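*Asks:* Sharing a structure here in structure tokens format.
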Amino acid sequence: MRDFRWPPPPDGGPRTYGPGPTAPRTGRPALPEPETELVATPHGVLLERLVTGVGHPVTVFAHGFASGIAVTRPLASGVVGRKVFFQFRGHGRSDAPPGPWSYGDLARDLRAVADLSGATRALGVSLGAATLCRLLAESPERFDRAVFFLPAVLDEARPSVARQRLTELIAAVEAGDLSAVAEVVSAELPPAVRNTPAGWAYLRQRIDQLMRDGLGSSLDGLLDEVAVADRAALAAVSARALVIGCAGDELHPVEVAERLAAGLPGATLHVYDKPGVLWNNRADLRERIGSFLNE
């Protein structure tokens, strides 16, 4: 029987119980973590930032819950111009000011990073997509193009299964329970990728970052929050929008993507047919995002 185990084998696996076929232990490694900087924002919160590329346009990338720059960077590989990545409050080396926090607070983080870099385009993943919704509801003309990848919440709270998994992750990180963190993070991987070299590389990077930097304790309050009270607030958004959803994803229900696309004027909706888009449809996703943002 093949299953997930922690800690990983020293050389990255794969490893299985009992006899079975073997294969070369190679796989796409996770992107190395580059040197980042801390930038001061007008609202007094220091945020970790990474800037790559040169020229225009400038695009800001907002990561998902308990995620960060390293996971978001692959989405920018086909995007031209300057690319600005950052860590929301409570993530990475960014400040974790006293809570509770709301999506309005996260929108201030996103707005500050975008303003400081002169970004005219934005991409948000999961939590970042929800935050981008909130920012555009408050400032409908802030960006001229916006990508919402796997939006997790809009005008209704996250489903209970998502809240439970994220609650477990926060608790495991806070307790310093490496095995429990690994178990929760492994659920992000498609079954076919678990216990493979590429899967282990991803797990190592995610777990190392979470155990090193931790998570802000006030993040759990966001699990019951909505991005906007009424999606009608998005009707005035002027940005051209691309919404990307995925069928069968418990943390990112496709219905959220559909409601968001319906609420944004002239938005384009694309839905992948199975979870694990970054693993199963990486090339198509990069091409889709790059083509949209590069126009």
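The values are calculated or read from the model by the stated rules, or taken from the named source; none is laboratory data. Source: prediction; values computed, not measured. Positions of Cβ are generated from backbone atoms using ideal geometry, with glycine treated the same way; all protein chains shown enter the neighbour counts. Calculation scope for accessible area: heavy atoms of the full protein, side chains included, ligands and nucleic acids excluded. Shrake-Rupley method; radii C 1.70, N 1.55, O 1.52, S 1.80 Å.
*Asks:* Residues 203, 219: which one is part of a helix (DSSP H, G or I), touching a Gly at 6+ places or on another chain (Cβ under 7 Å) and open to solvent by less than 30 Å² (accessible area, probe 1.4 Å)?
*Replies:* 219
*Asks:* Counting only residues that are of a type in the set (Ser, Thr, Tyr) and under 17 Å from the mean Cα position of the chain (by Cα), which one in the stretch 36-94 is farthest from residue 277 (Cα to Cα)? Even if it seems obvious, please write down each step before you answer.
*Replies:* So the first thing to find is which residues in the stretch 36-94 are of a type in the set (Ser, Thr, Tyr), and the list is 36, 41, 52, 59, 67, 72, 77, 94.
Checking the rest, the ones that are also under 17 Å from the mean Cα position of the chain (by Cα) come to 59, 67, 72, 77, 94.
On the way: 59: 22, 67: 16, 72: 13, 77: 15, 94: 28 Å.
Here the residue is 94.
*Asks:* Same structure again: Name the residues in the stretch 115-139 that are of a type in the set (A, V, I, L, M) and either under 20 Å from residue 66 (Cβ atoms) or over 17 Å from the mean Cα position of the chain (by Cα) (or both), would you? Outline the logic, then answer.
*Replies:* Let us first name the residues in the stretch 115-139 that are of a type in the set (A, V, I, L, M), namely 116, 119, 122-123, 125, 127, 129-130, 132, 135-137.
Residues satisfying the conditions are 116, 119, 123, 125, 127, 129, 130, 132, 136, 137.
*Asks:* Quick one: residue 188 ticks every box in (1) under 16 Å from residue 256 (Cα atoms); (2) under 20 Å from the mean Cα position of the chain (by Cα); (3) open to solvent by 40 Å² or more (accessible area, probe 1.4 Å) except a single one, so which number is it?
*Replies:* Checking residue 188 against (1) under 16 Å from residue 256 (Cα atoms); (2) under 20 Å from the mean Cα position of the chain (by Cα); (3) open to solvent by 40 Å² or more (accessible area, probe 1.4 Å), the one that fails is (1).
*Asks:* May I ask you to list the residues in the stretch 65-82 that are open to solvent by less than 30 Å² (accessible area, probe 1.4 Å) and either farther than 17 Å from residue 109 by Cβ or of a type outside the set (Val, Ile, Thr) (or both)?
*Replies:* Filtering the stretch 65-82 down to residues open to solvent by less than 30 Å² (accessible area, probe 1.4 Å) leaves 65-70, 72, 74-76, 79, 81.
Passing the criteria: 65, 66, 67, 68, 70, 74, 75, 76, 79, 81.
*Asks:* A further question follows. Out of the residues in the stretch 222-259 that are part of a helix (DSSP H, G or I) and among the small types (Gly, Ala, Ser), state the one that is nearest to the chain's Cα centre (by Cα). Please lay out each step first, then the result.
*Replies:* Filtering the stretch 222-259 for residues part of a helix (DSSP H, G or I) gives 222-224, 231-236, 254-259.
So of that shortlist, the ones also among the small types (Gly, Ala, Ser) come out as 232-233, 235-236, 257.
On the way: 232: 25, 233: 23, 235: 25, 236: 25, 257: 15 Å.
Top of the filtered list is 257.
*Asks:* Follow-up question, since we're still on this one. Here are the criteria: (1) of a type outside the set (A, V, I, L, M, F, W, C); (2) free of Cβ contacts under 8 Å to residues at least 60 places away in the same chain; (3) outside any loop (DSSP other than H, G, I, E, B); (4) crowded, with 18+ Cβ neighbours inside 10 Å. Tell me which single one residue 174 does not satisfy.
*Replies:* (4) is the only condition that residue 174 fails.
*Asks:* Being of a type in the set (Ser, Thr, Tyr) and modelled with pLDDT under 90 is the filter here, so list the residues in the stretch 203-240 that pass it. Full working, then the answer.
*Replies:* Taking the stretch 203-240 as the starting set, the residues that turn out to be of a type in the set (Ser, Thr, Tyr) are 217-218, 238.
The one that is of a type in the set (Ser, Thr, Tyr) and modelled with pLDDT under 90: 217.
*Asks:* Of all residues in the stretch 107-129, count the ones that are open to solvent by less than 10 Å² (accessible area, probe 1.4 Å), in contact with a helix residue (DSSP H, G or I) (Cβ under 6 Å, 6 or more places away or on another chain) and touching a residue at least 60 places away in the same chain (Cβ under 8 Å).
*Replies:* Looking only at that region, the number is 2.
*Asks:* Show the residue pairs that are 6+ apart or on different chains and have beta-carbon atoms under 9 Å apart, the first residue being within the stretch 142-154 and under 15 Å from residue 103 (Cα atoms), the second being of a type in the set (Phe, Trp, Tyr).
*Replies:* Sorted first by the residue in the stretch 142-154, then by its partner, the pairs are 152/65; 153/103.
*Asks:* Residue under question is residue 180, and the condition is that it be over 19 Å from the mean Cα position of the chain (by Cα), open to solvent by less than 40 Å² (accessible area, probe 1.4 Å) and of a type in the set (A, V, I, L, M, F, W, C); does it hold? Even if it seems obvious, please write down each step before you answer.
*Replies:* Working: over 19 Å from the mean Cα position of the chain (by Cα): yes; open to solvent by less than 40 Å² (accessible area, probe 1.4 Å): yes; of a type in the set (A, V, I, L, M, F, W, C): yes.
It is true that residue 180 is over 19 Å from the mean Cα position of the chain (by Cα), open to solvent by less than 40 Å² (accessible area, probe 1.4 Å) and of a type in the set (A, V, I, L, M, F, W, C).
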